[in-house]
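Below is one structure, written out as structure tokens, with a few remarks after it.
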Amino acid sequence: MDNTKPCCCGGKTTHRTEEERKKLINRLSRIEGQIRGIRGMVEADAYCTDILTQCAAVTAAVNAFNRELIGHHIRGCVSRDLQAGDDTVIDELVDTLQKLMK
């Protein structure tokens, strides 16, 4: 079964289980809340170090989201494409990892 289909941005899409989707969305919602909290701190003229501490927490949360998503990608999309004989997915994965490591 092909789990990819064209999406509105012209790229591939990935079928996710409802549990996977819910877990990723929950992580993003928490990150969104953290960002709103930082904005509130700036609006309230909070001390710079306190804001930076919260920014570090957001960075850690985004990194955790990325680790979760890349794990799903490797176990799902990459594995599927390699089994189908499409090794271009390796170059795509390397490019993606390089972007994440900037």
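The numbers here are math on the coordinates, done by the rules we state, and not lab data. The model shown is predicted, which means the values in this text are computed figures rather than measured ones. Backbone-built Cβ (ideal geometry, glycine too); neighbour counts: all protein chains shown.
Between region 69-102 and region 35-53, how far is it from one alpha carbon centroid to the other, in angstrom? Computed from Cα coordinates, the inter-centre distance equals 36 Å.
Residue-wise HN-Hα couplings along region 69-77, as the Karplus relation 6.51 cos²θ - 1.76 cosθ + 1.60 with θ = phi - 60° gives them from phi, are 5, 5, x, 4, 4, 5, 5, x, 4 Hz; Gly and Pro carry x.
Can you pull the percent of Cα pairs in the chain with separation above 23 Å? All intermediate terms of the calculation are to be shown ahead of the outcome.
Values: 2208 of 5151 pairs.
Above the 23 Å cut-off, the chain has 43 percent of its Cα pairs.
Summed over qualifying helices (DSSP H, 4 residues or more, each -39500 (n - 2.57)) and divided by its residue number, the chain shows a 222 nm mean residue ellipticity of -23000 deg cm²/dmol.
Here the gap between THR13 and ARG39, fully extended at 0.36 nm per residue and compared with their Cα-Cα distance, gives a gain of 6.2 nm. The charge dipole of region 18-100, taken about its Cα centre with unit charges on the Cβ atoms of Lys, Arg (+1), Asp and Glu (-1) only, comes to about 340 debye. Between LEU100 and CYS48, the modelled labels are 3.3 nm apart [label points 7 Å from Cα along Cα→Cβ]. In this label model, ARG30 and ARG80 are separated by 2.7 nm, measuring between points 7 Å along each Cα→Cβ vector.
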